[in-house]
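Here's the structure we're looking at; comments come further down.
The values are calculated or read from the model by the stated rules, or taken from the named source; none is laboratory data. Just so it is clear, the structure is predicted and the values come from calculations on it, not from any experiment. Glycine also receives a Cβ, built like all others from the backbone with ideal geometry; neighbour counts cover every protein chain displayed. Heads up: the accessible areas ignore ligands, DNA and RNA and are worked out on the full protein's heavy atoms, side chains in. Shrake-Rupley method; radii C 1.70, N 1.55, O 1.52, S 1.80 Å.
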Amino acid sequence: MLTVADADQLLADHGMTLTTETVPFSKARGRVLAETILADRDFPPFDRVAMDGIAIHYDSLANGQVTYPILAIQRAGEPLQPLPDPTGCLEVMTGAMLPTGADTVIRYEDLSITDGVATLTIPTEMERGQNVHKQGTDRRTFDVLLPAGTMLRPVELAVVASVGQTSVSVLKRPRVAVIATGDELVDTHQTPLPHQIRQSNVYMLQAALYDMGLDASVHTFPDDVATITAGLSTLLTNHDVLIMTGGVSAGKADFVPEVLGGLGIRCHFHKVEQRPGRPLWFGSSPDQQRVVFALPGNPVSTTMCFYRYARPYLQTAMGLTPDPPLYVELAKQVTFKPAFTYFMPVRLEAMPDGRLLANPLPGSGSGDFTNLTAADAFLELPAASTVFPAGTLAPAWSIG
Ligand SMILES: Nc1nc2c(c(=O)[nH]1)N[C@H]1C(S)=C(S)[C@@H](COP(=O)(O)OP(=O)(O)OC[C@H]3O[C@@H](n4cnc5c(N)ncnc54)[C@H](O)[C@@H]3O)O[C@H]1N2
Ligand code: MOO
Ligand SMILES: [Mg+2]
């Protein structure tokens with residue numbers, strides 16, 4: 001059987017690449033740029049007044065001048081004006097072009113103005129060039145502002161908008177379907193018979209995908225080979241990624257691996273030395289255009305396998321850097337005998353000294369999904385050890 005590290009490697013070996021599309025920049029939040037954004041002008045594009053006040057020629061101040069007749073006003077949004085006399089000043093507003101002939105701005109707070117004459121109150125503290133944001137100091141025309149591969153957060157979108165691009169080329173998002181299989185499953189609005197349960201995994205998965213900006217479609221099939229085959233065959237025509245739950249272990253109705261094989265999806269691994277989540281299955285079409293995660297049906301296993309494997313895989317495919325696990329400190333000793341990696345639900349607690357403690361919430365096994373409502377993460381405890389003393393450092397995978 002595979003180790004967790006082997007599974008990680010096989011996932012990395014079978015990544016998928018997405019094509020590109022053009023979207024209005026106002027809809028590009030969270031998307032990954034597929035083009036380079038260049039500066040169309042200098043940043044700032046002119047010597048920009050950075051404080052409301054007066055603009056002067058500094059040499060006059062250096063020569064001992066402290067009073068300046070106000071000759072005009074230069075507001076933001078007005079064409080450039082000259083300072084006609086180097087011993088006078090212009091009132092200038094933040095965002096205005098610095099008048100030609102001026103090089104220094106004195107704030108209103110450092111002046112008194114009487115009868116159209118400004119008098120400096122602290123002349124010795126003024127410096128040449130102060131309160132001027134010089135043209136091109138931030139970026140020059142044709143500088144790369146955003147390289148391809150950048151994830152567009154609000155601050156990057158401000159940059160895109162500022163260069164006048166109304167649309168941007170971004171990586172496409174994968175089309176994802178979430179699929180549950182199981183004769184025992186009924187839907188939320190239904191009343192289960194004694195031998196049935198309301199399904200929950202698909203809604204956990206749909207919400208977790210939504211957190212990644214993905215609108216997944218949701219499907220449920222009974223444990224019937226013909227029905228699952230027909231259903232998956234259709235879904236594979238119009239989705240890039242299938243995330244399944246259930247039917248992947250050793251039971252008489254666990255048909256998922258067989259059906260996927262029959263549909264030409266190659267298995268890259270099935271079963272990982274881990275608990276929960278041992279029966280995890282991963283495969284793809286030979287051209288790598290379709291990827292399938294078949295997660296074990298027990299809800300804690302489904303959750304762990306999604307956050308530990310499927311989410312980072314999808315983030316990578318989408319051109320994003322997968323969220324790294326947090327390295328946290330076990331709050332109290334844990335013993336886990338099987339020679340498997342143990343993914344234990346934990347509640348994280350930030351300590352005043354900066355440490356992040358992981359409080360164990362073992363729950364009652366991989367069917368106990370109500371236990372996860374108290375948890376923040378799964379702590380990954382290595383297969384090689386059995387006893388993990390308090391203070392053990394280990395990676396914790398957030399569950400949102
Ligand atoms: N002989 C063996 N039996 C089992 C093994 C094994 O290795 N040998 N593995 C166990 C482990 S570990 C897990 S995990 C489960 C995985 O089972 P399946 O992926 O085949 O899932 P199912 O059998 O369909 O269901 C398991 C469990 O989960 C519930 N379930 C399924 N789907 C949903 C859903 N959408 N929402 C909520 N709950 C769901 C289902 O009712 C079952 O209780 O197999 C062990 N057995
Ligand atoms: O490994 Mo299973 O995922 O224990 O229930
Ligand atoms: Mg089963």
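For the range 262-351, the orientation-averaged shadow of the C-alpha convex hull comes to 7.8 nm² (one quarter of the hull surface). With R₀ set to 56 Å, the beta-carbon distance separating Met1 from Arg128 gives a calculated FRET efficiency near 0.20. Please report the antiparallel percentage of DSSP beta bridges with both residues in the chain, rounded to the nearest 5. For the chain, the DSSP antiparallel bridge percentage is about 65. Quick check: pseudo-label points 7 Å beyond the Cα along Cα→Cβ at Asn371 and Glu109, how many nm apart are they? Rounded to a tenth, the inter-label distance reads 5.8 nm. Who wins for biggest fluctuation among Ala158, Ala39, Ala76 in a Gaussian network model of the chain, springs between alpha carbons below 10 Å? Between Ala158, Ala39, Ala76, it is Ala76 that shows the largest mean-square fluctuation. For the chain, with equal point scatterers placed on the C-alpha atoms only and solvent neglected, what are the log10 I(q)/I(0) values from the Debye formula at q = 0.06, 0.09, 0.10, 0.11 1/Å, to two decimals? Values returned for q = 0.06, 0.09, 0.10, 0.11 Å⁻¹ are -0.43, -0.70, -0.77, -0.84. The length gained by stretching the chain between Val225 and Arg347 to full extension, at 0.36 nm per residue less their Cα-Cα distance, is 39.9 nm.
Estimated from helices alone, the mean residue ellipticity of the chain at 222 nm is -5000 deg cm²/dmol (sum of -39500 (n - 2.57) over DSSP H runs with n ≥ 4, per residue). Computed on the Cα atoms alone, the convex hull of the range 123-281 gives a volume of 262 cubic angstrom per residue. Using alpha carbons only, the radius of gyration of the range 326-398 set against its Kirkwood radius gives Rg/Rh = 0.95.
These residues, Tyr68, Tyr203, go from largest to smallest accessible area, 1.4 Å probe, as Tyr203, Tyr68.
Here the spin labels are modelled as points 7 Å beyond Cα on the Cα-Cβ line, and at Gln9 and Val66 they lie 7.8 nm apart. Label zone (Thr36, point 7 Å along Cα-to-C-beta; backbone nitrogen cut-off 14 Å) within the range 148-190: 148-150.
Note on Arg153 and Val186: their simple-model spin labels are 4.7 nm apart, each label 7 Å out from Cα toward Cβ.
Long hydrophobic helices in the chain: the complete DSSP H runs spanning 18 Å or more by Cα along their own axis with mean Kyte-Doolittle hydropathy of at least 1.0 are 225-238. Applying D = kT/(6 pi eta Rh) to the range 60-102, where Rh is the Kirkwood radius over alpha-carbon pairs, T corresponds to 20 °C and eta to 1.002 mPa s, the Stokes-Einstein value obtained is 200 µm²/s.
Largest accessible area first, the listed residues Ser169, Ser284 line up as Ser169, Ser284 when surface is computed with a 1.4 Å probe on the assembled protein chains. For the options Pro69, Pro286, Pro276, a Gaussian network treatment of the chain with springs between C-alpha atoms closer than 10 Å singles out Pro69 as fluctuating the most. With one equal scatterer per alpha carbon and no solvent term, the Debye-computed log10 I(q)/I(0) for the range 48-133 at 0.10, 0.21, 0.23, 0.25 1/Å reads -0.18, -0.87, -1.07, -1.29.
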